[in-house]
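Values in this text are rule-based calculations from the coordinates and carry no lab data. Everything quoted here is computed from the prediction, not taken from an experiment. Here the Cβ positions follow ideal geometry from the backbone for every residue, glycine too, while neighbour counts run over all protein chains shown.
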Amino acid sequence: MINLEETLIPSISERCKELRESYGLKMEQISDKAVISRIEKGTCPKSGNFITQTVLTDYVNIFNLSPEELIFGGTEELEETLQWIFDQLFFSILQKDLVTDANLYRNVDRVSVISQQAVLSMAEMFAEYNFQRYNFLKSDEAVMDTINKKMDAYLSVGGIFFNFERDFRSTPINEDTVIDFLDMEKKLWLMCKEKMIRSFETNVMSSLFENFVYSTINSTVNLWIIKNFCGDIVPTVVEKMKSNSIFKLGLLSKQLLQDFIIEDLPESYQKTVPIKTTRTAGTDIIIGRRTRKNNKKLSANELKEQARLCEIAMDMIANDEQPDTELLAEFEKYDILFEERPQEEYIREESINSVIGRATSSKYNGRTKNHRPILETGSPIFEVPNNISDKIIDDLFTRWYEDTHFNNQTIPGYFTNNSQIGNTLQEYLNNNIQIIIESIIHTQNNLLLFLKEEDLLAFAK
């Protein structure tokens, strides 16, 4: 809970004393001497009413100032008070979830829980914060580590290098959970400042002085925090941030961490999965056997004609047709052969990492968009003996084609006893997503360096 009543007492006490002394008045000339003495000493009675409506009116009438000014000071002092409130609320981004881990902290109440969710929604627009908080929530620490990035530099004094932020700490910085709290807080305070001032003047100060009771300041302010700060100001600022591509990077990092990284994967010693290959009987089109064997390359025109004939051949296979003698001769001229294929089925073990490697490196498979070229490119080079048969070479290419296109292949028990492939894929995703998030952090941090205070003030005004 924000205890503004206690926080305001020293400044009210000092303000009252300075006013009296500047006018050369005695205490009893303002109001009851004992009451004025207590106020100037900053002593609050058990009732909590540090200054009553009657005494407040006496000050207002004698010194010709508003009651708001006596309690909250001028424009600058009011701004400082609201910045203090913002700081108290924003500190909770360094803590664990107050809904589930309230036992770790003192004085956690309804205002604490609601305001934490609000300020977290702003902090989560910063990619680096999301990554560090992700690590923090997995740790045993109660509060995230903080550092001032501007001071995190080595200086030389008398030939000795030291770092103000790192070398004078009792414990080393936890690099996995550390954030620049002050930098984030300053940026978000500047975005919220004008809205907070206007809202506080309208929703707190106006109602508070209709029937002034000092001991109701806390309840009035805490209601304002829940209703106006958390319910109106913060959502408005967050929506504005969501409309900006730089701050959207924070949302992207949060979603990647929240929805795509899974670390509590079951331990498994399974390293391979069975790959079942089933080839049905039919007719294969063999392209380029003669040119490969003779190490001969076709000319551009010949390749173009070969591609045209290849389409005709594939259509014939699809329609279960056979070429006539003339067309068969044309196919053979351009190194296109028809061969009968027997039915075949076998199972081989393949390492899970190899399967993942094939899945991430092969393109076009399963795409609805027409990316695939008519003729395969990038086929492998096999080192074979000179006397190797055409059948073995064709089998090598068939195996390569099936491996790169996942053709005729299945994994028995894919989602049951051989589901480890999914967990290995998740490990692969975890590593790659963290690399992506690091890139997002660098990009956002660099772009934020261009910002000036006036930019932030105007941004969410």
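Residue ranges 176-185, 41-50 sort as 176-185, 41-50 when ordered by packing (mean number of other C-beta atoms within 10 Å per residue, highest first).
Taking 0.36 nm per residue of sequence separation and subtracting the Cα-Cα distance, how much length would be gained by fully extending the chain between GLN117 and ASN418, in nm to one decimal? Intermediate results must be reported in sequence, preceding the final value.
Working: separation 301, 0.36 × 301 = 108.36 nm, distance 4.14 nm.
Between GLN117 and ASN418, full extension yields 104.2 nm more.
To the nearest 500 deg cm²/dmol, what mean residue ellipticity at 222 nm is calculated for the chain from DSSP H runs of n ≥ 4 alone, each contributing -39,500 (n - 2.57), summed and divided by the residues?
Result for the chain, helices only: -16000 deg cm²/dmol.
When the GluC sites (Glu not before Pro) in the range 276-323 are filtered for DSSP coil states and for at most 14 other beta-carbon atoms within 10 Å of their beta-carbon, the remaining sites are GLU321. Label sites at LYS26 and GLN343, each approximated as a point 7 angstrom past Cα along Cα to Cβ, lie 11.9 nm apart.
Averaging 1/r across all pairs of distinct Cα atoms in the range 96-237 and inverting the result yields a Kirkwood radius of 17.9 Å. Put in order of Cβ neighbour count within 10 Å, fewest first, the listed residues TRP189, TRP224, TRP400 become TRP400, TRP189, TRP224. Relative contact order of the range 71-128, taken over Cα pairs closer than 8 Å and 6 or more residues apart, is 35 percent. Binning the C-alpha pair distances of the range 1-71 at 5 Å intervals from 0 yields a P(r) profile of 3, 16, 31, 29, 14, 5, 2, 0 %, listed from the shortest bin outward.
All other residues with a Cβ under 14 Å from the Cβ of ALA281 taken together, and with Lys, Arg as +1 and Asp, Glu as -1, what is their net charge?
Details: positive: ARG279, ARG341; negative: ASP284, ASP320, GLU339, GLU340, GLU344, GLU345.
Every neighbour counted, the sum reads -4.
Rounded to the nearest whole Hz, the Karplus-based 3J(HN,Hα) values (6.51 cos²θ - 1.76 cosθ + 1.60, θ = phi - 60°) of the range 456-461 follow the sequence 6, 5, 7, 4, 10, 4, with x at glycine and proline.
Evaluating 6.51 cos²θ - 1.76 cosθ + 1.60 at θ = phi - 60° for every residue in the range 175-184, the Karplus couplings come out as 5, 7, 10, 6, 9, 8, 4, 5, 5, 5 Hz, glycine and proline recorded as x. Summarising the label geometry, the points placed 7 Å from Cα in the beta-carbon direction at LEU451 and ALA153 lie 2.1 nm from one another.
Taking each pair of distinct Cα atoms in the chain once, what is the resulting Kirkwood hydrodynamic radius in Å? All intermediate terms of the calculation are to be shown ahead of the outcome.
On the way: mean 1/r = 0.0337 Å⁻¹.
Value: 29.7 Å, from the Cα pair sum.
Among the trypsin sites (Lys or Arg not before Pro) within the range 211-287, those in coil by DSSP and having at most 13 neighbouring Cβ atoms inside 10 Å are LYS271.
Between 0 and 90 degrees, the angle of helix 300-318 with respect to the longest Cα principal axis of the chain falls at about 90 degrees. Do any chymotrypsin sites (Phe, Trp or Tyr not before Pro) in the range 331-372 lie in a DSSP loop with no more than 14 other beta carbon atoms within 10 Å, and if so, which? Qualifying residues, ordered by number: TYR364.
Each principal axis of the Cα atoms in the range 226-373 has its own extent, and those three values, largest first, are 87, 44, 33 angstrom. Here is the size of the range 376-461 from its Cα atoms: Rg then Dmax, 25.5, 80 Å.
So what is the relative contact order of the range 1-156, in percent, for Cα pairs below 8 Å that sit 6 or more residues apart?
On the way: 85 pairs, mean separation 31.7, N = 156.
With pairs under 8 Å counted, the relative contact order is 20 percent.
The angle between the Cα long axis of helix 75-90 and the longest principal axis of the Cα atoms of the chain comes to about 50 degrees, rounded to the nearest 10.
Among residues other than LEU251 whose Cβ falls under 11 Å from its Cβ, what is the net charge (Lys/Arg +1, Asp/Glu -1)?
Details: positive: LYS242, LYS248, LYS254; negative: GLU124.
Charge balance in the 11 Å sphere: +2.
Give me the orientation-averaged projected area of the Cα convex hull of the range 37-87, in nm², one decimal.
On the way: hull surface 18.0 nm².
The orientation-averaged projected area of the Cα hull of the range 37-87 comes to 4.5 nm².
Taken along the Cα-to-beta-carbon direction at a fixed 7 Å, the label points for SER439 and VAL60 span 6.2 nm.
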